[in-house]
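The values are calculated or read from the model by the stated rules, or taken from the named source; none is laboratory data. Quick caveat, the model's predicted, so the values are computed rather than measured. Backbone-built Cβ (ideal geometry, glycine too); neighbour counts: all protein chains shown. To get the accessible areas, we keep the full protein, side chains included, count just its heavy atoms, and leave off ligands, DNA and RNA. Shrake-Rupley method; radii C 1.70, N 1.55, O 1.52, S 1.80 Å.
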Protein chains: 2
Amino acid sequence: MTVLPNFMSATVDEQRLARSHDDLAAFGRASRGGVNRPALSDADIAARQYLIERATAIGCSITIDPLGNLFMSLAGRDRSLAPVLTGSHTDTQPSGGRFDGAYGVLAGLEVLTAIQHAGIRTRRTIETVVWTNEEGYRFAPGCMGSLAFAYPAERERLLAATDSMDMTVGEAVARMRRALSDPPERPLGFPVSVFVEAHIEQGPILEQTGNKIGVVTGIQGKKRFEVTVIGEEAHAGTTPRARRCDALLAAARMVTALERWIWDAEDVARFTVGQFEVQPGSHAVVPGKVIFSIDFRHPDRIFLEEKSSRFLEICEPLAGGCTVSVHEIGFTPPIAFAEQVPQAVQRAAERRCIPWMPLLSGAGHDAQHLATVCPTGMIFVPCEKGVSHNEAENATSSDLATGARVLLDVLLDIANS
Amino acid sequence: MTVLPNFMSATVDEQRLARSHDDLAAFGRASRGGVNRPALSDADIAARQYLIERATAIGCSITIDPLGNLFMSLAGRDRSLAPVLTGSHTDTQPSGGRFDGAYGVLAGLEVLTAIQHAGIRTRRTIETVVWTNEEGYRFAPGCMGSLAFAYPAERERLLAATDSMDMTVGEAVARMRRALSDPPERPLGFPVSVFVEAHIEQGPILEQTGNKIGVVTGIQGKKRFEVTVIGEEAHAGTTPRARRCDALLAAARMVTALERWIWDAEDVARFTVGQFEVQPGSHAVVPGKVIFSIDFRHPDRIFLEEKSSRFLEICEPLAGGCTVSVHEIGFTPPIAFAEQVPQAVQRAAERRCIPWMPLLSGAGHDAQHLATVCPTGMIFVPCEKGVSHNEAENATSSDLATGARVLLDVLLDIANS
């Protein structure tokens, strides 16, 4: 009978974890200190090559699934048991930060490294995963890899999605697999015992309250819309106001009215118009068409549905001769995580005397899809001023290491159960 | 002593003029019946090649100046006299119509053809010119060719202007000259006796009043601005409203407030926001920067200056934590044409019993620069519903021919004086 080493001997190395972040940020480095690493781009492929080398060096096996989700597996003693999964994503927004996504992957790699260096062999296999195209910037929808993992029937539809250059996800994945020397294939949707995702909070609450760990209890819901305003192109110098159907002036009024309509005293609702395209986009032509996006999030499904059901009604009286249509292009209902993982995170924080609080995630994450197939949870760590999706995104090495220590405990706890 | 033929024997051919418009519209044909023919593009070069062939066939000589302005000259009897110039431009807005610019060039070509077919030799040389880059869409500023002609000292600055692919005007002109088999060079700013530009009205007034000829008395003034709103990029799902500096919401409020500020009961002022660029332009990121254009026109210089002097003051209280700056990038003062050409146009219309009215041009035209170097005027013809800078732009063959007949009379009148 084997004597198991005390798993508290596995130790997260704060400096090593910080260096990992520096290393990864080199792939797709942007001009203002952040990262521009579109999903499946050369920079993303190089980032994954780096992770493969790190993981292989500590004895992990590498597999990849049809969506390009990449798994780094530290084998457990009982291969018949479903593995414990952790991880996040390596793609970023066009001017993204060094921690969003990267932290969840690197904390997972740090945990595997700490376990391997301590000579521990867990009962279940532990795997760190890189989900493909979480941000949804290069390809729509976001959280694509985890979505396909949770709903393998969506595979063909997702592989056919194209970027702005008309490259499909399928082509981009094939290109990546060749560049990574074709790791062995893994099926979508294999059994998983639990999924735990570490992430920066991307909000200001931990920093403001002085807590170091957010025990994430769920993810707020999100609706996405595309609003199309069609007017009439006309000459900017000659067309009297009375004869114009100016799509831009109409759209500007609509955006302002929608902002007011969503306004809540509690400041819980999140309303963002991030895209606003004007056609033809010449200074001397009255715009004939504007398409703008709405990203609308709230923890309460009823609030989301009631408010958004009246978007068209809000816009129409402001159209001023233009026509307006509101098209819903995405709905992710609010998610509440099952108790198992949040409780394990809370226990781990308490055992280490780390101040923690329950939190609801404002952002969508791959965890929302995994939550539909296995017990799932997230660990949030503070980030500076809550700034994210911004090159200035920042988090301290110490806070990152604290989160990784809690992740280590949770994974060992569950992998040995 | 030569007996001069009666110049009324020169006849504009309505069908030939209509066919010329069909022919020219094939170069850069757009999907909805209009034209996309950027200045000095392949389509523009092909259009000019077509004009050269037509002009050469009736015995015109072809010359080109350093800005690529193209001259088709029907020689007069007295080469020592400054020529009479007519013409307009062949470039279009990205989804432009078949008549804006094209009509002035083709009416000029039709007049040369009519004169040549009638066997008339005028005292002064008559030339039809294609001015380069009137629309200002590919290169800034617009009316570039005529500007350089009127102010040759500007030549180097204008040749160095670049398009969005960083090609300079100089390079694009050199490329065109090679493609057109290098016509002989003409200097910028050679002496001109008068300039007459025929153009569709691009407004609804002739159509509404039933007049067929607009005797243009001047061109309204125009100011262009670029407004930059700088906020802070942030995550759309996590950043509370109170912590956002949303450049788009601020810009939308500003556009609406500026629209109200410019509003005049007489509907004379023209206020257009034609460009509105959002950074980073991702649906899930709170916009950190918006740059929008203002095109503001009015016949009264004082109105233009007083209203625009307060743009910043209007915007600042609406910035909501963002910063805003207003940068003036262009000012064309209102122009009043000298009496000679407008009077000649009026006389020609009256002689032919064509209903006419005086008009002020709402749009800028190459004529505004020529007006600073020689007596200048414009002839407007009706266009359907006043629609222009739009693929649906339309004018009847009959109205186009009526304008060309007036142009013929005016040019013969002045060329024989």
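Worth a mention:
- A:V290 vs. criteria of a type in the set (V, I, T), under 30 Å from B:L304 (Cβ atoms) and at the interface with another protein chain (Cβ under 9 Å from one of its Cβ atoms): yes
- In region B:275-285, the count of residues that are facing chain A (nearest Cβ under 9 Å), in a loop (DSSP other than H, G, I, E, B) and either touching a helix residue (DSSP H, G or I) at 6+ places or on another chain (Cβ under 8 Å) or charged (D, E, K, R) (or both) is zero.
- Residue check for A:A250: hydrophobic (A, V, I, L, M, F, W, C), open to solvent by less than 50 Å² (accessible area, probe 1.4 Å) and more than 8 Å from every other protein chain (Cβ to nearest Cβ): yes
- Meets criteria (of a type in the set (K, R) and either touching a Lys or Arg at 6+ places or on another chain (Cβ under 6 Å) or surrounded by fewer than 24 Cβ atoms within 10 Å (Cβ to Cβ) (or both)) for A:R121: yes
- Against the list (1) open to solvent by 10 Å² or more (accessible area, probe 1.4 Å); (2) part of a helix (DSSP H, G or I), the condition B:L51 fails is (1).
- In region B:143-158 there is at least one residue matching the filter, namely being small (G, A, S) and either under 14 Å from the mean Cα position of the chain (by Cα) or within 14 Å of another protein chain (Cβ to nearest Cβ) (or both).
- Checked against the criterion of being among the hydrophobic types (A, V, I, L, M, F, W, C) and more than 18 Å from B:R54 (Cα to Cα), region B:122-134 contains not a single residue that satisfies it.
- When the residues of region B:253-274 are filtered to those that are open to solvent by 30 Å² or more (accessible area, probe 1.4 Å) and among the aromatic types (F, W, Y), the one that is farthest from the other protein chains (Cβ to nearest Cβ) is B:W261.
- Selection of region B:329-387 for residues being without any contact (Cβ under 8 Å) to a residue 60 or more places away in the chain and touching a Pro at 6+ places or on another chain (Cβ under 9 Å) yields B:A338, B:E339.
- Number of positions in region A:1-17 that are open to solvent by less than 20 Å² (accessible area, probe 1.4 Å) and modelled with pLDDT of 95 or more: 2
- Residues that are small (G, A, S) and either under 30 Å from B:Q346 (Cα atoms) or assigned to a loop (DSSP other than H, G, I, E, B) (or both), drawn from region B:166-196: B:S181, B:G189, B:S193
- Checking each residue in region A:344-400 for being under 26 Å from A:D22 (Cα atoms), more than 14 Å from chain B (Cβ to nearest Cβ), among the β-branched types (V, I, T) and open to solvent by 10 Å² or more (accessible area, probe 1.4 Å) picks out A:I354, A:T396.
- Residue match in region A:223-244 (condition: crowded, with 23+ Cβ neighbours inside 10 Å, more than 9 Å from chain B (Cβ to nearest Cβ) and in a helix (DSSP H, G or I)): no
- The sole residue among A:G108, A:G96, A:G104, A:G59 that is at pLDDT below 95 and either crowded, with 22+ Cβ neighbours inside 10 Å or not hydroxyl-bearing (S, T, Y) (or both) is A:G96.
- On the stretch given as region A:141-165, residues that are open to solvent by less than 30 Å² (accessible area, probe 1.4 Å) and not in a helix (DSSP H, G or I) total 4.
- Among the residues of region A:196-222, just one is of a type in the set (K, R) and either open to solvent by less than 10 Å² (accessible area, probe 1.4 Å) or in contact with a helix residue (DSSP H, G or I) (Cβ under 7 Å, 6 or more places away or on another chain) (or both), namely A:K212.
- Any helices (runs of 4 or more DSSP H) falling wholly within region A:303-417 and containing at least 2 residues that are basic (K, R): A:340-351
Okay, residues lined up against (1) without any contact (Cβ under 8 Å) to a residue 60 or more places away in the chain; (2) more than 32 Å from the chain's Cα centre (by Cα):
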site: B:T238; (1), (2): yes, yes
site: B:D246; (1), (2): no, yes
site: B:A257; (1), (2): no, no
site: B:R260; (1), (2): yes, no
site: B:V268; (1), (2): yes, no
site: B:F271; (1), (2): yes, no
site: B:V286; (1), (2): yes, yes
site: B:K289; (1), (2): no, no
site: B:I294; (1), (2): no, no
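- Among the conditions (1) surrounded by fewer than 14 Cβ atoms within 10 Å (Cβ to Cβ); (2) at pLDDT 95 or above, A:A336 misses just one, which is (2).
- Cβ separations smaller than 6 Å between residues 6+ apart or across chains give the following pairs from region A:192-215 residues that are at positive phi to residues that are surrounded by 24 or more Cβ atoms within 10 Å (Cβ to Cβ): A:Q202/A:A363; A:Q202/A:S388; A:Q202/B:H235; A:Q202/B:T238.
- Selected residue (criterion: farthest from B:C353 (Cα to Cα)) from residues of region B:197-222 that are part of a loop (DSSP other than H, G, I, E, B) and at the interface with chain A (Cβ under 8 Å from one of its Cβ atoms): B:Q220
- Residues that are under 30 Å from B:R405 (Cα atoms), within 14 Å of chain A (Cβ to nearest Cβ) and open to solvent by less than 70 Å² (accessible area, probe 1.4 Å) are absent from region B:187-195 altogether.
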